[in-house]
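Structure first, commentary second.
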Amino acid sequence: MTVPKRIALCLIGVLVVIMAAAVPPAAAADTVRVIVISGEIDSSQTALVQRGLEEAEKNQDKAVVVSISTLGGRVDSALKIRDMLQAASVPTIAYIPSRAWSAGALIALSCRHIIMAPGSSIGAAEPIPNTEKNIAALKSEFSATSANMGHNPRVAEAMVDKTNGFPGYAEPGQILALSDVQARALNVAEGTAGSVEEALRLFSLGDASVYYETKSWKDIFIGILQNPYVRMIFIALILAALFAEIKMAGMGIGIVTAILLGGMLVFSGDESLANDLKIIAAFIGSLVFIALELASPGVGVFGVVGVILLFGSLFYMLGATFDAVYILAGGTIIAVILFYCIGRRLPQSRLLAKIALTTRSTGEKGYSAQQDKSKYLYQRGRTITILRPSGAVRIGKERIDAVSNGSFIDRDVEVRVVKVEGTRVVVEPVPKRL
C-alpha cells in the first residue's frame, strides 16, 4: 500500500472517531420507584418508605409512586411517613388499588397526586378511641396535610370528624369515605387507572423503567426495633448488662452486650449516619468514664460524667422525644427488677468489693445487735454473778447483763427488773417473805 493511501486511511479513521465522539450519548431512561404499602401501617412500613425515598433521591428518579392498600394502623407511623413524603424532593404519586382507609388516607393525602383504581375507596379515618382530643388532633393533621399538598382540607376533615358530615356525600353523624368516582368529583383524585403502569401514563411516564420496593426482612426487623415496648426492653437489657459487668468486672460480656444492643437501637432510628456515630461515641464514652470511676472509687467526677453521658446517649437513641423519657424510665425500672432477681446468682468480682460493703458483723466476730429489752420490765430472775453494781442475771432461760439499783447484790439472789433504759437493765433484790 502506497504512502498516500495509508495517509488517506488514517485520516478517514480519525474522521470516524471524531464523528462518533460528536454524537451525543443516548439519554438515560427515566426511572420511577414504586413503594408498595400493603397491610397494617406500622414501623416496618415507615422503614420501607424511608428506604424507598432514599433510593429514589439517590438514583434521581423522575417520580415515586406510593401504592397504598390498607385498612389503617398506627397513627404515629402514618405521621412519620407523612413527614417523609412531604419533605421528599422527588414528585410523589399515591396510587390506591383497593382501599386507603384511616392511616392509609393520611398517607395518600401526603402525596402531591392521587390516582385511584376503579372500585377503590379512600377515607374513614375516625380515630380509635374517638375521644374529642384524638379527633381534634387528627383532624388538624389531615387538614394541614391536605392544604400543604394541594388537596381540599374540608374533605380531609370530614374523613376524621363526622360531626358535620359533608354535603351531598355524608350526613351529619356519618364519617366520610369516598369511592374513586366521588373522589374524582371532589378533585381529591386526579384520575382513574387500573394499574401502576396505566397511572404513570397519565403523567407521561409510560416509558419509564419501574423499580418496585416491597417490605424486606430488614424493614420488618427495623420496625420491630422501633416499637416502643421493644425499645423499653432493650434499654432494660442494656442497663442490666452494665450492672452485671460491674459485678463480674473483667469478663467483658456485659460491655459487649450493651454496645451491641445500643448500636441496634441507634441504627434502627431515623437519624443520619453522622448523628448516629455521635450518639454511639457518647455512649461508648459514658462506659469509659464509668470504668474510670470503678477503677478509682471515691473520686466521683468520672461517675457523674459517665452517668450523664449514659442516660443522655440513651435518650437520643430513643429519638429525644417525650416518649423517650417514658421508655427510658420504664426500661430503668425493669432493669433494676431484672438485676435484683438474677444479680445475686452472678459471680462477684474484686472490683465490686472496692465499691460495695460486703463485710458482715456477726456474733462470731464479736459483734452484736442492739436488742429491745423492755420486755424484761417487772420480770423476776436470779443473779448469776455478783452485782457491784453490774453483773449478769438469768431471766427464764436467757442470760441478761444488768446493774443493781445502787446496792450490792450477791450471787444466786432473786431479783426483779425495776427499770429498762435502752440496753441498760436495772434490778433490785426481791424482799424475802416472813
Restricting to the stretch 51-60, count the residues that are in contact (Cβ under 8 Å) with a residue 40 or more places away in the chain and of a type in the set (D, E).
1
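Only residues that are more than 40 Å from the chain's Cα centre (by Cα) and not charged (D, E, K, R): list them for the stretch 195-225, please. I'd like the intermediate steps shown before the answer.
The first filter runs over the stretch 195-225 and keeps only residues more than 40 Å from the chain's Cα centre (by Cα), leaving 198, 201-207.
If the condition is that a residue be more than 40 Å from the chain's Cα centre (by Cα) and not charged (D, E, K, R), then L202, F203, S204, L205, G206 are the ones that fit.
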Quick check on the stretch 84-96. Is at least one of its residues among the hydroxyl-bearing types (S, T, Y), more than 22 Å from A177 (Cβ to Cβ) and touching a Phe, Trp or Tyr at 6+ places or on another chain (Cβ under 9 Å)?
no
Hey, among the residues in the stretch 167-219 that are surrounded by 15 or more Cβ atoms within 10 Å (Cβ to Cβ) and at pLDDT below 90, which one's nearest to S268 (Cα to Cα)?
D219
In the stretch 88-103, which residue that is closer than 19 Å to P118 by Cα and of a type outside the set (S, T, Y) is surrounded by the most Cβ atoms within 10 Å (Cβ to Cβ)?
A100
Those residues of the stretch 372-388 which are surrounded by 15 or more Cβ atoms within 10 Å (Cβ to Cβ) and either at pLDDT below 85 or assigned to a strand (DSSP E or B) (or both), in sequence order
K373, G381, T383, L387
Out of contact with any Asp or Glu (no Cβ under 6 Å at 6 or more places or on another chain), assigned to a helix (DSSP H, G or I), under 28 Å from N227 (Cβ atoms) and at pLDDT below 85, is that true of L309?
no
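Identify the residue in the stretch 312-352 that is of a type in the set (S, T, N, Q) and part of a helix (DSSP H, G or I) and, among all such residues, is modelled with the lowest pLDDT.
S313
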What pairs can you find where one residue is in the stretch 108-133 and under 18 Å from L178 (Cα atoms) and modelled with pLDDT of 95 or more, the other is of a type in the set (K, R) and assigned to a helix (DSSP H, G or I), and their Cβ atoms are less than 7 Å apart, with a gap of 6+ or different chains?
S110/R82
Within the stretch 242-266, take every residue that is surrounded by 16 or more Cβ atoms within 10 Å (Cβ to Cβ) and touching an Asp or Glu at 6+ places or on another chain (Cβ under 8 Å) and give me the one that is modelled with the highest pLDDT.
A258
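Hey, can you tell me all the residues within the stretch 147-166 that are surrounded by fewer than 17 Cβ atoms within 10 Å (Cβ to Cβ) and among the charged types (D, E, K, R)? Outline the logic, then answer.
Of the stretch 147-166, the ones surrounded by fewer than 17 Cβ atoms within 10 Å (Cβ to Cβ) are 147-148, 150, 152, 154, 163-165.
Selection gives R154 alone.
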Given the conditions (1) touching a Ser or Thr at 6+ places or on another chain (Cβ under 6 Å); (2) closer than 23 Å to G39 by Cα; (3) not β-branched (V, I, T), every one holds for E157 apart from (2)
With (1) out of contact with any strand residue (DSSP E or B) (no Cβ under 7 Å at 6 or more places or on another chain); (2) aliphatic (A, V, I, L, M); (3) in contact (Cβ under 8 Å) with a residue 12 or more places away in the chain; (4) surrounded by fewer than 22 Cβ atoms within 10 Å (Cβ to Cβ) as the list, and A144 as the residue in question, which single condition is left unmet?
(3)
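The values are calculated or read from the model by the stated rules, or taken from the named source; none is laboratory data. In this text, all values refer to a predicted model and were calculated from it rather than measured experimentally. Note that each Cβ is placed from the backbone with ideal geometry, even for glycine, and that neighbours are counted across all protein chains shown.
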